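Beneath this line is the structure, given in structure tokens, with notes to follow.
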Amino acid sequence: MEKNGDLCGCYEPHTEKTKTLKEKLVEVAGLSELFAALGEEVRTQILYLLSQEEMCVCDLAEILELSLPAISHHLRLLKLLRLVKYRREGKMVYYSLADDHVIKLMEVAKEHYEEER
């Protein structure tokens, strides 16, 4: 039988350690939704553009060559995840990043992606 280097030689969990760590999992609850949202290229592009400056849906649609409803759909999700915010100016709605955490997330991800392997 072939040995798998990823598996433990015996199944005897360290009960106290695993219990403590299992309780800590609540600290990362919801992060997968955030990463799933960022995993969509268009949403990452929207966040990048909004990190450059505040923009309206029309300008985002023009740059990304997508329909207004498609951009609105992405922005709605990003707003639900508190990654973007908006403000009204008459009939216009302008979007921007919700806070500096979003920029930091993108910078760290970009640094990691560009690291030498």
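Points worth noting:
- The condition of being within 18 Å of D99 (Cβ to Cβ), modelled with pLDDT of 95 or more, of a type outside the set (A, V, I, L, M) and open to solvent by 100 Å² or more (accessible area, probe 1.4 Å) holds for only one of E53, E33, that being E53.
- One residue stands out among those in the range 56-71 that are touching a helix residue (DSSP H, G or I) at 6+ places or on another chain (Cβ under 8 Å) and open to solvent by 70 Å² or more (accessible area, probe 1.4 Å): the one that is farthest from G90 (Cα to Cα), which is I63.
Every residue, every condition in (1) of a type in the set (D, E, K, R); (2) farther than 17 Å from K104 by Cβ; (3) touching a strand residue (DSSP E or B) at 6+ places or on another chain (Cβ under 6 Å); (4) outside any helix (DSSP H, G or I), yes or no:
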site	(1), (2), (3), (4)
E62	yes, yes, no, no
L66	no, yes, no, yes
H74	no, yes, no, no
K79	yes, yes, no, no
R82	yes, no, no, yes
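- Residue in the range 3-19 that is among the basic types (K, R), exposed (fewer than 14 other Cβ atoms within 10 Å of the Cβ) and either modelled with pLDDT of 95 or more or not in a helix (DSSP H, G or I) (or both) present: yes
- Filtering Y86, Y95 for residues that are at pLDDT 95 or above, hydroxyl-bearing (S, T, Y), assigned to a strand (DSSP E or B) and open to solvent by less than 90 Å² (accessible area, probe 1.4 Å) leaves a single hit, Y95.
- Any hit, the range 21-28, residues being surrounded by 10 or more Cβ atoms within 10 Å (Cβ to Cβ), assigned to a helix (DSSP H, G or I) and either hydroxyl-bearing (S, T, Y) or touching a residue at least 60 places away in the same chain (Cβ under 8 Å) (or both): no
- Complete set of residues in the range 36-60 that are over 19 Å from K110 (Cβ atoms) and in contact (Cβ under 8 Å) with a residue 24 or more places away in the chain: E54, M55, C56, V57, L60
- Filter result for L47 (part of a helix (DSSP H, G or I) and open to solvent by less than 40 Å² (accessible area, probe 1.4 Å)): yes
The values are calculated or read from the model by the stated rules, or taken from the named source; none is laboratory data. Given the structure is predicted, the values throughout are model-derived calculations rather than measurements. Neighbour counts are summed over all protein chains in view; Cβ atoms, including those assigned to glycine, are modelled from backbone coordinates with ideal geometry. These area figures cover heavy atoms from the full protein model, side chains too; ligands, DNA and RNA do not enter into them. Shrake-Rupley method; radii C 1.70, N 1.55, O 1.52, S 1.80 Å.
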